[in-house]
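I have placed the structure first, in the form of structure tokens, so that the comments after it can refer back to it.
The values are calculated or read from the model by the stated rules, or taken from the named source; none is laboratory data. Computed from a predicted structure; not experimentally measured. Don't worry about glycine lacking a Cβ; one is built from the backbone with ideal geometry, like all the others, and counts go over all protein chains shown.
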Amino acid sequence: EDQVTQSPEALRLQEGESSSLNCSYTVSGLRGLFWYRQDPGKGPEFLFTLYSAGEEKEKERLKATLTKKESFLHITAPKPEDSATYLCAVQAYRSGSNYKLTFGKGTLLTVNP
Amino acid sequence: NAGVTQTPKFQVLKTGQSMTLQCAQDMNHEYMSWYRQDPGMGLRLIHYSVGAGITDQGEVPNGYNVSRSTTEDFPLRLLSAAPSQTSVYFCASSYSGRQGMGGYTFGSGTRLTVV
């Protein structure tokens, strides 16, 4: 069974204070690891897909990295508008059902001005 | 291009009532799915479809039915609502194959309360 564990559950930062969110996963045959952002009252919004250990992707103040056991979402000099819940999900290679995502419970990030 | 449209946004049901949550996408995505999101539980897969006429169960399918008669629509039916089905429901879609690795597109959700 695929498992995704995110930590911390909640993180409060001051504006400009860089930090990282963690996503540990267990999956037999990783097809991809996904990061999403979710604002209150809205559906998750896609950020990144990572495919193999060592891969990195960046978007504005966000940088996602991947190892064989975990992924990190680094936030550099965050701003209040980066406040959201960040979700991690994995997709495994499986015959007939390659599309299912297993999600973690998310990290609620609050950035204070 | 509206993306994924879910209706209604809010619904209150009495125990035992039935209803259908609507989901439509205009991106010609093959894959569609329904998730429920509960506090402390994360997103859990209810049912999914890899194309018109093909559906399968996810992690928490009991009490829900789906059908996929067209590429665009994927309704979720609650057969006899129970308080345990109080949740926020999200519909999501994506391309299949390598294109699908660009991530799901989610709807804005339906907040359901069963009393």
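General observations
- Taken over the stretch B:9-39, residues that are of a type outside the set (S, T, N, Q) and over 12 Å from the mean Cα position of the chain (by Cα) amount to 13.
- Identity of the residue in the stretch B:1-45, farther than 16 Å from residue A:99 by Cβ and charged (D, E, K, R), that ends up surrounded by the fewest Cβ atoms within 10 Å (Cβ to Cβ): B:14
- Taking the criterion of being part of a loop (DSSP other than H, G, I, E, B) and surrounded by 15 or more Cβ atoms within 10 Å (Cβ to Cβ), the residues of the stretch B:46-58 that qualify are B:52, B:58.
- The residue that is surrounded by the fewest Cβ atoms within 10 Å (Cβ to Cβ), counting only those in the stretch A:17-49 that are charged (D, E, K, R) and under 12 Å from the mean Cα position of the chain (by Cα), is A:45.
- Of everything listed in (1) free of Cβ contacts under 8 Å to residues at least 40 places away in the same chain; (2) under 11 Å from the mean Cα position of the chain (by Cα); (3) away from chain A (no Cβ under 14 Å), the single unmet condition for residue B:47 is (3).
- Residues of the stretch A:1-52 that are without any contact (Cβ under 8 Å) to a residue 60 or more places away in the chain, among the charged types (D, E, K, R) and assigned to a strand (DSSP E or B): A:37, A:45.
- No other residue among A:64, A:92 is within 14 Å of chain B (Cβ to nearest Cβ), buried (at least 20 other Cβ atoms within 10 Å of the Cβ) and among the small types (Gly, Ala, Ser) apart from A:64.
Let's see how each residue does on (1) at pLDDT 95 or above; (2) more than 22 Å from residue B:92 (Cα to Cα); (3) in contact with a His (Cβ under 7 Å, 6 or more places away or on another chain):
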site: A:38; (1), (2), (3): yes, no, no
site: A:63; (1), (2), (3): yes, yes, yes
site: A:73; (1), (2), (3): yes, yes, no
site: A:81; (1), (2), (3): yes, yes, no
site: A:85; (1), (2), (3): yes, no, no
site: A:95; (1), (2), (3): no, no, no
site: A:110; (1), (2), (3): yes, yes, no
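- For the stretch B:65-95, the candidate set comprises residues that are crowded, with 19+ Cβ neighbours inside 10 Å, outside any strand (DSSP E or B) and within 14 Å of another protein chain (Cβ to nearest Cβ); within that set, the residue that is farthest from the chain's Cα centre (by Cα) is B:68.
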